[in-house]
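One structure below.
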Amino acid sequence: MKSKSEQVIYSRYYFTADTFQILRIDEQFTNMLGYTMEDIKEHQYSLYDLIPEEDLEDYAAMVKKQTAQTNMAYIWHRMKCKDGSCVFVFCFGEILKDQESGEGIVACLITDTTSLKNLQKEVLEKNELLKLCVEEKSEKIFDYDVEKDVFSSFEMLGGQLCETRSVKGFRYQQKGRSMIHPEDRERMVEEFKKAQQKKHEKFHVEFRELNEEGGYTWQRCYGVGLEDGDGKVYRIVGKTQDISEEKLREQELKQRAEMDTLTGIYNHSAMMKHVCADVALDLEGNCAFLILDLDDFKMVNDAWGHEGGDALLSDTGKMLRAYIQGNGMAGRIGGDVFVLFFRHVSGKSDMERHMSLLRDKIRSLSDKMFISASIGAAVSPRVSVDVDRLYKEADQALYAAKRYGGNKEIVFDREAIDEERRKHRDSSVYVEEQDMVLNEMAERVYVMDIETYEMLFMNRPLYEEIEQMKGEFDWRNRPCYEILYDRTSPCDFCNIHRLKKHESLYWQRRSQLNHRQYVCKDTLIDWQGRRAKMEIVYNVTTTTDMLQVLEKTLGSIDTLKMCIRQVTDTGAFRYSFRKLLRFVCKYYGAERSSIYEEREDGELITHFWENDSLAGSLPRIDDDVVKKDIYHAIQKYSNKQGILILDNIVANEHKAPEIVDILKKAKIWTVYSILLKRGDKKLGCLSVVNPKQHVGDILLISTLASFLANEIVRNQINAQQEYELTHDPHTGVNNFGSYMNKIAAQLDIHSAGLAVADVNNMKQINNDFGLEYGNRMVSEVAQILQKSFGAENVYRFHGDKFTVLCMDEDRNTFAGHVEMARQLLAQHEVGACVGYVWDDYDMDFPKMMEHAEDLLRIEKRRFHESRESAPRYRRLELSDEIQKQITGGFFQVYLQPKICMTDGSIYGAEALIRANHPEKGIIPPAKFIPTLEKTGTIDHIDFFVFEEVCKLLAKWQKEKIALLPISFNFSRLTLLQPNLIARVEDIVEKYQVPKRFLEIEITESIGDLEYDMIASIAYGLRQAGYRLSMDDFGTKYSSISALSIMKFDILKIDRSMVNTLADNEISRKVMNHVIAMCQDLGIECIAEGVETQEQAELLQNMDCAIAQGYLYGKPMPIGQFAQMYLSSFSKN
């Protein structure tokens, strides 16, 4: 057809304005498209027959847009030729009126622009390919022809761009995607589909490209869609980069993070993560945990050395991995303890068989030494398994096996383990000295069973302290929380789940019984055959007791008192260190005294004081690297107890010259240092440099070290408590107080995004899987939100609901965060729904919260509707009940007339909902609409009314009754639904009614919504061709705001303004201005609630033509309305 296009310059044709039926054409028109005049006449073509089907929607939209304001339009578009090809044309049209028939006729002048379009596309393609060639010559380049569905790839060979592969049917045929790994094909095609919509936006996707040998390489594909002059993507060009090595490194890093380096099996955290994922996949049969602890492993290290011990651990890991392969996974908890997870076991006897086989395999690991293991296991049905509980049961079984002295296998059984404990306790030798030592301690000590909370021991000082408050009592066989805290259930702050073997846990509490402050040291122990917690309680309310002890052993108590008081009497904790160090420096006559505080995150905080008379003689140590070097040098010289007395650096130079060199550069010749620690936890050190007095005496700093360590721990606990004032203790995110502080502090912000998230099916999850599992799901959702929005922007108010507040982020950035959160939550095993709003206009946070909650309810409902097939999570009973009431006739539509006041003729009607109760009769909407809005089911009623209106108009249309416009109300919740327009369009299409007779009434509360949301709602409805009416105008100031944002066709003045017209001059002036404003804006004005003739006359004098109210007619059933108004209306 190209030759024909080149011959034609202009052609003319005419078609009808309403049906687009072609009326007249010239010869150039037929030549351009390859038709004959007879073809056009014979087939009676309309213009739509000559436009490609995929272009019709865009073409109609362009025509509608351009003819909305004028009777002319100019459009570039495609037209179909007779042979199936297409030409690009430029068309200029004008709507005329036929002088004879009066019908609208469109006269068009058209020219072929195909050559120009092809040239533009060719230049664009070459430019994009040239850019790709210049960017990376080593990468492959591809070109995908959308229309032909052909994928071609190119490479630079010898300085030339050469085609290396061309595949047809990439999108629609399986063989066309044969070069892509089967698992990646759908995703690859989906990205290319998206690229066709995004046009010049770049995209990238990773996939595996198959080679001829059957292997594959990882490729990262970058692409961009090229559009033609009509805005359609016709080609996608880009490049692919080989990322196989990058993927290999990623896999290695992932394995390294999850694998125990010595044994090659999972570490503890990775093991538990994979087990949790596994049990969620299959609910059939039983699963089991098995924990294996090598007996007397210390003897192996002593006999063979650490290399021999490591070899045994490595062999054990290999053996366990081979044994479990295909039926589970293996991991190393730490040290000489291993864990196996069995995906499927038949029961306890099957588990005992596995344990017996593993015992034999352990023994066969060495022929030089007898190797045995204690093994504990627990079995559970997969359908009800609690992974954490199952692991604890296996651990309890292991502990029971170890109490037998090792080389024992036990499967968890509650009654059997309790009985075994009792026998062990009864048969054990009671060590009287143990109680004697604990009773002589000044500190309070007690021991409790970590499973039953039973108090097993209480020393004399603790008993006497409680006796003073409560009187004589018996603590035996009673739970610890009842004795210590007068509670009936375990304490919220109980930390037995945080305790680990061979580690002590320090924490602080304030007693509600005597209001004293305590620091507690908790340790896991074996107490007469029972797993127990020992707690030693230190009274730190005052320092009196400590000073009394120190007075007996230290001559310079005044110095110590002053040092301690500098810390205890000063509000600023770390600022007080400098004052304390001044006294230390003075006591030793030292050049410098220092406190090095090592935080848990590895940060080193340094406090120091220099002797006034020697200030400046030592080099400054502001450099963090130098500080760390000095600190580590001191640590390396210290003995096992953390004590260092080094009187002559030079004399010790031969021992560690590199360390001595560091100290010499800092001019440190003599140093005394004491490690600061609590239990096994290292907190830092207290050091004195170049002392001149009390040489060799470390009693002061060693005593202070104990005190400082205690104060640092207490300060850390206080800091934790302060942290908990603004953070949720369970998830670690900010709490409500922090949210209010943030709002109060933001005085000058330009925009705000607010989102609310609600964990899905939380109540059902807690009922089915327990609170512990539910809490873990809440914490994981919190982590997803923190990752998506930033930890500083996420808040938990209560339960399973979160709030996000981001300040001064543009809309796209905030929406991107929301989309990221939704994608991550969709992948989570429970997930959450998110509703959000963004505003840069008013930023009324309580309203924004309310609107975000509205959108959340919509999201929650969509979530539950999409999961109707899962009965345990269905929450649609209320929606189902409303649907039953609708179909059963409980709800009815009434019509209230709208009247032209000039001649009394019917103008239209408003559709209103009523409930017809079998006993109470007709119920007005005020009685049930608020409840439906609160439960988020109001859209059922809104769409019921809308469909009834469409059904009624279709009926009248079929009966040849003249139609009149009917208005109906859509609530705010309905307007916020993302699929609103699609649902409305489906109903209109179903009944084929003209849209000009449908008026959507929106209450003025729409003005409460955010500016961006209002504009989006209005634009969507008007683009779809519906007339908008603002209802209840004048009841709030927000209606003015909405009027300035949305383009309304009709404005309905609220009855509250009409009621006062007769006796209030100000009301009349306001009304007059409102009506004049409507006329100025080209908006129809309707007065609601007109009840008297006086009101009607006043409105007429103000040029308000349309009224609605009891003066003209109350809301009435449809049949009654038709009898009263339709016959006269049809005649008129």
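Here H817 qualifies as under 22 Å from S1016 (Cβ atoms) and at pLDDT 90 or above.
Free of Cβ contacts under 8 Å to residues at least 40 places away in the same chain and assigned by TED's automatic domain parsing to the domain that holds A400: does that describe A322? Here the answer is yes, as A322 does meet what is asked. The sole residue among D388, D367 that is without any contact (Cβ under 8 Å) to a residue 24 or more places away in the chain and either part of a helix (DSSP H, G or I) or over 23 Å from S349 (Cβ atoms) (or both) is D367. Can you tell me which of (1) buried (at least 21 other Cβ atoms within 10 Å of the Cβ); (2) more than 15 Å from the chain's Cα centre (by Cα) is the one L785 doesn't meet? It fails just one condition, (2).
Is it fair to say A288 is buried (at least 16 other Cβ atoms within 10 Å of the Cβ) and either within 29 Å of S349 (Cα to Cα) or not assigned by TED's automatic domain parsing to the domain that holds S356 (or both)? Considered against the rule, which asks whether it is buried (at least 16 other Cβ atoms within 10 Å of the Cβ) and either within 29 Å of S349 (Cα to Cα) or not assigned by TED's automatic domain parsing to the domain that holds S356 (or both), A288 comes out as yes.
Of everything in the stretch 7-63 that's farther than 16 Å from I75 by Cβ and among the small types (G, A, S), which residue is surrounded by the most Cβ atoms within 10 Å (Cβ to Cβ)? For the stretch 7-63, the residue satisfying everything is G34. Would you confirm, using the coordinates I've provided, whether A852 is under 25 Å from M740 (Cβ atoms) and in a helix (DSSP H, G or I)? Against the criterion (under 25 Å from M740 (Cβ atoms) and in a helix (DSSP H, G or I)), A852 qualifies.
Answer yes or no: is there a residue in the stretch 44-62 that is at pLDDT below 85 and over 55 Å from the mean Cα position of the chain (by Cα). Yes, the conditions are met somewhere in the stretch 44-62. Residues of the stretch 920-964 that are of a type in the set (D, E) and either at pLDDT 90 or above or under 17 Å from Y1125 (Cα atoms) (or both): D942, E947, E948, E959.
Quick grid of which residues meet (1) assigned by TED's automatic domain parsing to the domain that holds Y45; (2) under 16 Å from L50 (Cα atoms); (3) within 54 Å of the chain's Cα centre (by Cα):
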residue	(1), (2), (3)
Q66	yes, no, yes
N71	yes, no, yes
F90	yes, yes, yes
I105	yes, no, no
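The lone criterion from (1) under 48 Å from the mean Cα position of the chain (by Cα); (2) in contact (Cβ under 8 Å) with a residue 24 or more places away in the chain left unmet by I1075 is number (1). State whether the residues of the stretch 236-253 include one that is touching a Ser or Thr at 6+ places or on another chain (Cβ under 8 Å), modelled with pLDDT of 85 or more, part of a loop (DSSP other than H, G, I, E, B) and of a type in the set (A, V, I, L, M). No, the stretch 236-253 has no match at all. In the set K692, K677, only one residue is under 30 Å from N611 (Cβ atoms) and either part of a loop (DSSP other than H, G, I, E, B) or aliphatic (A, V, I, L, M) (or both); that residue is K692.
Here's the yes/no breakdown for (1) free of Cβ contacts under 8 Å to residues at least 60 places away in the same chain; (2) within 16 Å of the chain's Cα centre (by Cα):
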position: A791; (1), (2): yes, yes
position: F797; (1), (2): no, yes
position: V804; (1), (2): yes, yes
position: D808; (1), (2): yes, no
position: R811; (1), (2): no, no
position: H817; (1), (2): no, yes
position: M843; (1), (2): no, no
position: P846; (1), (2): yes, no
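Is at least one residue of the stretch 867-880 over 30 Å from D748 (Cβ atoms), within 17 Å of the chain's Cα centre (by Cα) and either of a type in the set (V, I, T) or modelled with pLDDT under 90 (or both)? Looking for residues that are over 30 Å from D748 (Cβ atoms), within 17 Å of the chain's Cα centre (by Cα) and either of a type in the set (V, I, T) or modelled with pLDDT under 90 (or both), one finds none in the stretch 867-880, hence no.
Residue check: Y1112 meets all listed conditions (1) exposed (fewer than 15 other Cβ atoms within 10 Å of the Cβ); (2) at pLDDT 90 or above but one, namely (1). When V279, V300, V275 are checked against the criterion of being among the β-branched types (V, I, T), farther than 30 Å from F142 by Cβ and at pLDDT below 80, V300 stands alone in meeting it. Only helices (runs of 4 or more DSSP H) whose full extent lies in the stretch 919-993 are considered here, and the ones with at least 2 residues that are within 43 Å of the chain's Cα centre (by Cα) and acidic (D, E) are 938-958, 980-991. With respect to the conditions (1) buried (at least 18 other Cβ atoms within 10 Å of the Cβ); (2) over 30 Å from V830 (Cα atoms), V733 lacks only one, and its number is (2). With respect to the numbered conditions (1) closer than 18 Å to G93 by Cα; (2) of a type outside the set (K, R); (3) not in a helix (DSSP H, G or I), which one is the sole condition not fulfilled by D83? Going through (1) closer than 18 Å to G93 by Cα; (2) of a type outside the set (K, R); (3) not in a helix (DSSP H, G or I) one by one, D83 breaks only (1).
Where helices (runs of 4 or more DSSP H) fall wholly inside the stretch 430-540, the ranges with 1 or more residues that are of a type in the set (K, R), at pLDDT 70 or above and over 26 Å from H730 (Cβ atoms) are 460-470.
The values are calculated or read from the model by the stated rules, or taken from the named source; none is laboratory data. Keep in mind that what you see is a predicted model, and the values were worked out from it rather than measured. Quick reminder, even Gly has a Cβ in these numbers, built from the backbone with ideal geometry, and neighbours come from all protein chains shown.
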